[in-house]
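Peer 1: I have a structure I would like to understand better, so I am pasting it below and will then ask my questions one at a time.
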Amino acid sequence: MSKKERISAILKKLKNSGTIDAEALKDLTEDEKRLIRDLHREKLTDESLDFLKELDADRDWKKVKDRMRPDRHRVKPIYKNVLKYAAVFAGMISLVYLFRVMLVSSREPGIAEDSIQLKTGDDRIEVIDQAGHQQIVSASGKVIAEQQGNKIRYEADVQADELVFHELRIPYGKIFEIELSDGTSIHLNSGTHIKYPVRFPDGHKREIYIDGEAYLKVAKDKEHPFLVHADAVTVEVLGTEFNISSYREDAEIKTVLIEGSVAMSNTYNTADNIVLKPGTKGAWNRASRTTRTEDVNVELYTSWTKGELVFRDTPFGEALIKLERKYNVTIKNNNTELAGKKLNARFSVEVEKIEDVLKSIEEIFPYTYNIKDDQIIIN
């Protein structure tokens, strides 16, 4: 059975039952599992099935790929390009994302799903070994970056005649760090995808694109503001430290400022532009398309960079999602009494396994659980 047929079968079951069967998802990648949940939440099951019936993989992938390729004269947000083309397919960004996942998965059969992948400007896929060392070269053979262990550092003096993007994909269960050519340092959390130029063009703003979570220390350059695009939200800075979280399944895109100053805006309402101060969180709601601010303990939003997972009055369902990302597992909660609980705990991911975490939470909220491979069921 092809991947298209498998996903169609899962969607048909979902349409008939109204619930997601964890067993049926076991052979899918984390991206595909996440998307099935997104389609269910957005009530797009019927449209998805219709879309898949009409799907011609080779023909339509070329169109999507061409439209996702950045124009060499003007930096365009990847998400806006994809959204524009998604309108051709009933206006559903989720389905174009599904199509992309299906094609990438089928075209790279030799690459493990849990590997860190770097896609270069000429569409090569480099697998990053966190215990290894390698040089990253351009299509012309020039060394443009060096990977040492858990970090890639781009050369500051890279010469480029055109705008060339790299894309880095961090799977669940891993974190990584990159240093851009301008000196900006970015820590990437589990399940994050980032797109950035090998070299920022002279005379233009510095722009990158993130889906997931990242902690940034932006190199100061008053002449060239730094812009982070996360779906419909843009965060603009001159030089500062902040955390941004924009996972697709989360209801909000959140920015927490640690140091400096940032402006947060969105494409739906240009008047909804806020400036954050240190210790403040700005959160843009995907459903209401409004932004709210509040004072927060920044440690709760940056502890992941130190290998910690901290929960403070965190809804149980939200805590499970974070555990899924951090430990690269799928968790199904059948215990309805836990839905209204809030968790307060701190875990060291580098020391404590998922079994240790589950046992610790069990002492707080009594429940039973079963673990089979990377599937966890809570009863």
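The values are calculated or read from the model by the stated rules, or taken from the named source; none is laboratory data. Given the structure is predicted, the values throughout are model-derived calculations rather than measurements. Positions of Cβ are backbone-derived with ideal geometry, glycine not excepted, and every protein chain shown enters the neighbour counts. Note: accessible area is taken over every heavy atom of the protein model, side chains too, but ligands, DNA and RNA are not part of it. Shrake-Rupley method; radii C 1.70, N 1.55, O 1.52, S 1.80 Å.
Peer 1: Could you list, ordered by first residue, the pairs with Cβ atoms under 8 Å in which the first is in the range 263-279 and more than 21 Å from residue 216 (Cα to Cα) and without any contact (Cβ under 8 Å) to a residue 60 or more places away in the chain and the second is of a type in the set (A, V, I, L, M) and surrounded by 15 or more Cβ atoms within 10 Å (Cβ to Cβ), at least 6 apart or interchain?
Peer 2: Partner pairs satisfying both residue conditions: 268/232.
Peer 1: Restricting to the range 297-333, count the residues that are among the aliphatic types (A, V, I, L, M) and either more than 17 Å from residue 256 (Cα to Cα) or touching a residue at least 60 places away in the same chain (Cβ under 8 Å) (or both). Full working, then the answer.
Peer 2: Restricting attention to the range 297-333, the residues satisfying the condition of being among the aliphatic types (A, V, I, L, M) are 298, 300, 309-310, 319-321, 323, 329, 331.
Narrowing further to those that are either more than 17 Å from residue 256 (Cα to Cα) or touching a residue at least 60 places away in the same chain (Cβ under 8 Å) (or both): 319-321, 323, 329, 331.
The qualifying residues number 6.
Peer 1: Scan the range 136-152 for residues that are at pLDDT 90 or above and assigned to a loop (DSSP other than H, G, I, E, B) and report the count.
Peer 2: Matching residues across the range 136-152 total 2.
Peer 1: Scan (1) touching a Leu at 6+ places or on another chain (Cβ under 9 Å); (2) of a type in the set (D, E, K, R); (3) at pLDDT below 70 for the single condition residue 56 breaks and write down its number.
Peer 2: (1)
Peer 1: Sticking with this structure for a sec: Take the conditions surrounded by fewer than 16 Cβ atoms within 10 Å (Cβ to Cβ) and in contact with a helix residue (DSSP H, G or I) (Cβ under 6 Å, 6 or more places away or on another chain) and apply them to residue 312. Does it pass? Even if it seems obvious, please write down each step before you answer.
Peer 2: Working: surrounded by fewer than 16 Cβ atoms within 10 Å (Cβ to Cβ): yes; in contact with a helix residue (DSSP H, G or I) (Cβ under 6 Å, 6 or more places away or on another chain): yes.
Here the answer is yes, as residue 312 does meet what is asked.
Peer 1: In the range 208-257, which residues are outside any loop (DSSP other than H, G, I, E, B) and open to solvent by 30 Å² or more (accessible area, probe 1.4 Å)?
Peer 2: In the first step, residues of the range 208-257 are kept if they are outside any loop (DSSP other than H, G, I, E, B); the result is 208-211, 213-217, 226-230, 233-237, 241-245, 252-257.
217, 236, 241, 252, 254, listed by residue number.
Peer 1: Next up: Could you grab me the full set of residues in the range 153-168 that are open to solvent by 60 Å² or more (accessible area, probe 1.4 Å) and either of a type in the set (Phe, Trp, Tyr) or modelled with pLDDT of 95 or more (or both)? Break it down stepwise before answering.
Peer 2: First pass over the range 153-168, keeping only residues open to solvent by 60 Å² or more (accessible area, probe 1.4 Å): 153, 156-157, 159, 161-162.
Of everything in the range 153-168, just one residue is open to solvent by 60 Å² or more (accessible area, probe 1.4 Å) and either of a type in the set (Phe, Trp, Tyr) or modelled with pLDDT of 95 or more (or both), namely 153.
Peer 1: If you don't mind, another one. Within the set of pairs 6 or more residues apart or between chains, which connect a residue that is over 18 Å from residue 164 (Cβ atoms) and outside any loop (DSSP other than H, G, I, E, B) inside the range 119-131 to a residue that is of a type in the set (Ser, Thr, Tyr) and open to solvent by less than 60 Å² (accessible area, probe 1.4 Å) with Cβ atoms less than 9 Å apart?
Peer 2: Partner pairs satisfying both residue conditions: 127/115; 128/115.
Peer 1: Continuing with this model, one more query. Take the residues in the range 316-335 that are touching a Gly at 6+ places or on another chain (Cβ under 8 Å) and outside any loop (DSSP other than H, G, I, E, B), then tell me which one is least open to solvent (accessible area, probe 1.4 Å).
Peer 2: Only one residue fits best here, namely 316.
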